[in-house]
Amino acid sequence: MFIFPWYALDDEIKITSRDEKEGQQEILRTDHMRYLKVPFAINVMSGGQYEKKKNISFGGISDGKKFTTQQQVEGTSIDGKMVFPEEWGIKIHQHDYYELMYVLEGAVEQQIESSTYVYRKGEGCFINRNTKHREISGRDFFVVYLCLSKEYIREMLETSKRRSGSIYRFLMSSMDEKAFYKKDYLYISSKDGDTGVSQTYEIFERMTRELLEKAPGYLHIFNGLVERLFGILQEQEFYTIRHVTFDSTVEEQLFERIKFLIEQNPGKYSRQQLAKELNYSGDYLNRVIKKFTGLTITRYCQKVMLKKVKILLEETDMSVSAVMQQVGFRNSSHFYEMFKEEFGVLPGEYRKVHKHNV
């Protein structure tokens, strides 16, 4: 069961409603900017089956201070999806802090700059201070937001012994004064299996518990949990992280989306399937891929598949036929022919020379 104190009326610990003035003290709102007046905060937004009468709830906690900025606001339901009301104040905005949004249950549709994305359980984004965004709708959603001030991030980067990985590179580059106008974010997606999701969920629970109980040393523990959270999200076994920048052209952004989809499941996508997924014509997508790789969609997918085969031959004890099937090749003779054309030898010969100890 969720132990977040604002989750359900039957929880042992729950945030009590305070007057509106006090509730606005920790995170201030204007039409387009949100200000964090504390070093960090954990906020939760939930709706659908997680709230009575399909209401939307938004609450949070910071250093032992509990607050509710909005609570029990009736949302509009369209096809089972709750569309957030305009009067609730969710407009396109940006922060003077960093925000990690992570979906624990359900799905949330979010606009980031001019694009719209749907984030499902195990997915999220890490948004910098310059990137405008807003939540549009949700379906039985339970979303946690980790808000970290720029001062908190700066101190963490100065004192942390581990500063490698996608998240730390993202934070360090955005702290540079030259990046003042840079608009970018990290897209985070869990891989197959619930291990990474459950570990992430457990860390958010522990963060909340530490802030509620305020036992000696709780701030040090909280800081350590933030770094542990970053470590899990950067673990390639559990998550994929994609850096998205809005300084790039429309075609560059589209190619990054194509590349991400194909690399996640190269055997899945034909030209028609990719066109349906991205809502572009197959001919246009083919031109975009050819522009950046010199290859057709079909050939690019095959090249990515062969690369995955190569890695599995190097790092696992799976048989060649099992590797071929897992990656998505169906015709064995065609597979052997393509592999030899790409790497100069047959799969078995390649493994003898390049296999790592496992």
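Give the residue list of GluC sites (Glu not before Pro) in the stretch 178-245 that are DSSP loop and have at most 12 other beta-carbon atoms within 10 angstrom. Filter output for the stretch 178-245: 237.
Working from label points 7 Å from Cα in the Cα-to-Cβ sense, the residue 161 to residue 322 distance is 3.8 nm.
Applying 0.36 nm per residue to the separation of residue 352 and residue 154 and subtracting their alpha-carbon distance, the gain on full extension is 66.5 nm. Take the Cβ atoms of residue 182 and residue 37, set R0 to 22 Å, and the FRET efficiency comes out at 0.35. As a rough footprinting exposure proxy, the listed residues 197, 103 were ranked by other beta carbons within 10 Å of their own, and the order from fewest upward is 197, 103. Positive end of the dipole of the stretch 279-358, charges at C-beta (+1 Lys, Arg; -1 Asp, Glu), about the Cα centre: which of 348, 282, 298 has its Cα farthest in that direction? Projecting each Cα onto the dipole axis, the largest value belongs to 282. Remark: the residue 250-residue 280 segment gains 9.5 nm on full extension, using 0.36 nm per residue and subtracting the alpha carbon distance.
Note the full-extension length gain between residue 220 and residue 117 as 0.36 nm times their separation in residues minus their Cα-Cα distance, in nm to one decimal.
33.6 nm
Computed about its Cα centre, the charge dipole of the stretch 156-295 is approximately 360 debye, with only Lys, Arg, Asp and Glu carrying charge at their Cβ.
Centroid-to-centroid, using Cα positions, the stretch 187-227 and the stretch 339-354 are 44 Å apart.
Quick note: the coordinates plus some simple rules give every number you see, no bench work behind them. Computed from a predicted structure; not experimentally measured. All Cβ positions, glycine included, derive from the backbone under ideal geometry; neighbour counts span all protein chains shown.
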